[in-house]
Amino acid sequence: MTSGDQPVPGGALADVDYLSRSANRVAILDALADGSATRRALAERTGVSRATLDRIVNEFEERGWAERTVDGEYVATAAGAHVVRAFRPFVESVAAVDRLGEAVEWLPTAELDVGLHEFSDATVRRPKNDDPVEAVEFMTDLLRESAEFRTLNHLIPPGMFERVVHEEVVAGALTVEAVTTPAVAAHFGEHPERREHWREILDAGGAVYVHDQPIPCNLLVFDETVLIKRSGTGPIDDSYGVPIVSENEAVLAWAHDLIDRYRDDADRIEARALVEPGAAGGEQ
């Protein structure tokens, strides 16, 4: 039997309810978990009034979450420290769900090796006046400001974006590594202007890999900024052009790791393979 098949202990729910009903309780327990302090110092650090703080610290002692040291200061017990350290990511995960709204569905759940709480500061960049060009311009501006661009993607890049990739790579101002699908690679080969762009990108040191299995999401990394776009198309409100934007270090590390994993299991396209439509080639 898995833990999901078992009822949630009522006592644990009561503790969660107690802690969640007061931001002051969370702030004080957090501070106690960081190290011992006097009640006066705790009040100054948290901004909680002394009367409220005294009551809460007494309650923590009764619950076994805090204790008085021999020096007369207060500190979180092991139990209290574990509780608050597990509680914060939970709250931040709920905040991420609220912040992302329906866009939370764009995250590749099966490949998400980072906690949802890491997305609590992420934003969903929606265009003003439902203008789809704005999302492309936003990504293109990021591209011009970046030294490195990496992507795991099953969408054909907009023409404006592709032209800037070409300009920046050929000029030596940008490194590019892309992992994509056979359909996208075939599209490059079948359109003369795009074929020439990507042939020159590869000649200039850019790298494009083709993965023959489904790609789980549309992931773009511009230096330290991560964009995640919806798979498929739809109304502008939820179209693939609207990205989730994150600069969280854990999300960035996850994005690079996911791109690495798919790249390592893909075939690299050689520049000569884009000379003629339908030409094949590549090295592992």
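The values are calculated or read from the model by the stated rules, or taken from the named source; none is laboratory data. Every value quoted in this text rests on a predicted model; they were computed, and no experiment measured them. No Cβ is skipped: glycine too gets one built from the backbone with ideal geometry, and neighbour counts run over all protein chains shown. Just the protein is used for accessible areas: all its heavy atoms, side chains included, with ligands, DNA and RNA removed. Shrake-Rupley method; radii C 1.70, N 1.55, O 1.52, S 1.80 Å.
If we scan region 230-237, do we find a residue that is surrounded by 15 or more Cβ atoms within 10 Å (Cβ to Cβ), of a type in the set (Val, Ile, Thr) and within 25 Å of Asp257 (Cα to Cα)?
no
For the condition in contact with a Ser or Thr (Cβ under 7 Å, 6 or more places away or on another chain) and surrounded by 15 or more Cβ atoms within 10 Å (Cβ to Cβ), what is the one hit in His197, His166, His154, His187?
His154
Cβ-Cβ below 8 Å, separation at least six or inter-chain, first residue in region 133-144 and closer than 18 Å to Asn218 by Cβ and among the charged types (D, E, K, R), second open to solvent by 40 Å² or more (accessible area, probe 1.4 Å) and in a helix (DSSP H, G or I): which pairs?
Once the first residue is closer than 18 Å to Asn218 by Cβ and among the charged types (D, E, K, R) and sits in region 133-144, its partners that are open to solvent by 40 Å² or more (accessible area, probe 1.4 Å) and in a helix (DSSP H, G or I) give Glu134/Lys128; Glu137/Met160.
Would you confirm whether or not region 17-24 contains a residue that is touching a strand residue (DSSP E or B) at 6+ places or on another chain (Cβ under 8 Å), within 18 Å of Ala81 (Cβ to Cβ) and among the polar types (S, T, N, Q)?
Taking every residue of region 17-24 in turn, none turns out to be touching a strand residue (DSSP E or B) at 6+ places or on another chain (Cβ under 8 Å), within 18 Å of Ala81 (Cβ to Cβ) and among the polar types (S, T, N, Q).
Take the residues in region 127-166 that are of a type in the set (Lys, Arg) and in a helix (DSSP H, G or I), then tell me which one is modelled with the lowest pLDDT.
Only one residue fits best here, namely Lys128.
Yes or no: region 104-118 includes at least one residue that is farther than 30 Å from Glu247 by Cα and in contact with a strand residue (DSSP E or B) (Cβ under 8 Å, 6 or more places away or on another chain).
no
Just give me the residues in region 190-235 being among the polar types (S, T, N, Q), part of a strand (DSSP E or B) and over 16 Å from the mean Cα position of the chain (by Cα), in sequence order.
Selection gives nothing.
Do we have Val184 as outside any helix (DSSP H, G or I) and not acidic (Asp, Glu) here? Can you show your working first?
Working: outside any helix (DSSP H, G or I): no; not acidic (Asp, Glu): yes.
Here the answer is no, as Val184 does not meet what is asked.
Of all the residues that make up region 58-91, how many are of a type in the set (Val, Ile, Thr) and either closer than 22 Å to Ala12 by Cβ or buried (at least 21 other Cβ atoms within 10 Å of the Cβ) (or both)?
Counting residues in region 58-91 that are of a type in the set (Val, Ile, Thr) and either closer than 22 Å to Ala12 by Cβ or buried (at least 21 other Cβ atoms within 10 Å of the Cβ) (or both) gives 4.
Test Asp98 against the stated conditions and say whether it is open to solvent by 40 Å² or more (accessible area, probe 1.4 Å), in a loop (DSSP other than H, G, I, E, B) and within 30 Å of Asn153 (Cα to Cα).
So Asp98 does not fit the description; no.
Please work out if Ala185 is in contact (Cβ under 8 Å) with a residue 24 or more places away in the chain and among the hydrophobic types (A, V, I, L, M, F, W, C).
Values: in contact (Cβ under 8 Å) with a residue 24 or more places away in the chain: yes; among the hydrophobic types (A, V, I, L, M, F, W, C): yes.
Yes; evaluated as a whole, the condition is true for this residue.
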